[in-house]
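The values are calculated or read from the model by the stated rules, or taken from the named source; none is laboratory data. If you're wondering where the values come from, they're calculated on a predicted model, not measured in any experiment. All Cβ positions, glycine included, derive from the backbone under ideal geometry; neighbour counts span all protein chains shown.
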């Protein structure tokens, strides 16, 4: 097998993960853009209801939208262009910068549209200013609340993966495999211990930040090297990762728990050799990771698999919103999990 450089675990006890810090949303994310447009349109409807009775509701909505819609679209373009400078600021500095940016854009669009458009009943500056301030504050509050609601998935992922790693059967069998190799193949036994050490190092680390796909693939290879020693010829692994975007960022521990579940649910129950297929499929600005393993309809170990998939879906939603997805399905005698992700090479 290809040699992988070993990284020693940090000395001492692993530090407890720091609380997640608030951060601005990724305004280039299509899901974020869609949510902002929906929020603004709902607020436009609410403002129209306040300003008019039922008969004039549609007309008032058009008046307000004529000012609000161009402003929000232009704002999204500007915020997307400025996302990297904004991401370098402290959260409160980013909020302040966004508020000033929205105030300037709002005033310019209000002045421009009132100059060229003959409104029968124009929206006053103070009303529009209040609307811009309220919409900006409400949108930022919504995204902060949503981020806090999804953040526990990161801690849960670490705990679930750690619990999976310390399954008695995994540790017992792995240690026995090491003992059986110490005299006959000491180098291989040493390598297996290094792989186990690397697994625990990653699991004990802070896993809130995105990591390169190549690192996640390396971690899976380390895990499978241990399982190949344990299961012998019963485990066959088919890697189809040529041309993968190695530097594309993914949530850490997004693939390894699925690989472990594939071995535990699909390979271990077999008496004959079983094949685990791991594919990375580039698709322009997106790529897919597909895992295929044998499926057993009578398997009793399904709850852990469902838990891992549910957690990964939450983390994908937190990091990539609508731009990422996960699909798990049974195809004949195979269980297939497909993760689709955008190609992002810089964590903001």
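Values as computed for the structure displayed
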read-out: Total residues in segment 281-307, condition modelled with pLDDT of 90 or more and touching a strand residue (DSSP E or B) at 6+ places or on another chain (Cβ under 8 Å); value: 10
read-out: Test: residue in segment 9-26 that is in a helix (DSSP H, G or I), at pLDDT below 80 and farther than 22 Å from residue 321 by Cα; value: no
read-out: Among the residues listed as 70, 122, the single one being at pLDDT below 80, assigned by TED's automatic domain parsing to the domain that holds residue 35 and not in a helix (DSSP H, G or I); value: 122
read-out: Residue ID - nearest to residue 216 (Cα to Cα), chosen from residues in segment 284-300 that are assigned to a strand (DSSP E or B) and either without any contact (Cβ under 8 Å) to a residue 24 or more places away in the chain or within 17 Å of the chain's Cα centre (by Cα) (or both); value: 289
read-out: In segment 246-266, the residues that are more than 12 Å from residue 199 (Cβ to Cβ) and not in a helix (DSSP H, G or I); value: 246, 247, 248, 249, 250, 251, 252, 254, 255
read-out: Pairs where the first residue, in segment 248-274, is outside the structural domain of residue 306 (by TED's automatic domain parsing) and the second is crowded, with 23+ Cβ neighbours inside 10 Å and part of a helix (DSSP H, G or I), C-beta under 9 Å, 6+ apart; value: none
read-out: Residue check, residue 113 assigned to a helix (DSSP H, G or I) and either modelled with pLDDT under 75 or not assigned by TED's automatic domain parsing to the domain that holds residue 133 (or both); value: yes
read-out: Only one of 321, 247 that is touching a helix residue (DSSP H, G or I) at 6+ places or on another chain (Cβ under 9 Å) and on the phi > 0 side of the Ramachandran plot; value: 321
read-out: Of residues in segment 220-235 being in contact with a strand residue (DSSP E or B) (Cβ under 9 Å, 6 or more places away or on another chain) and under 17 Å from residue 258 (Cβ atoms), the one modelled with the lowest pLDDT; value: 227
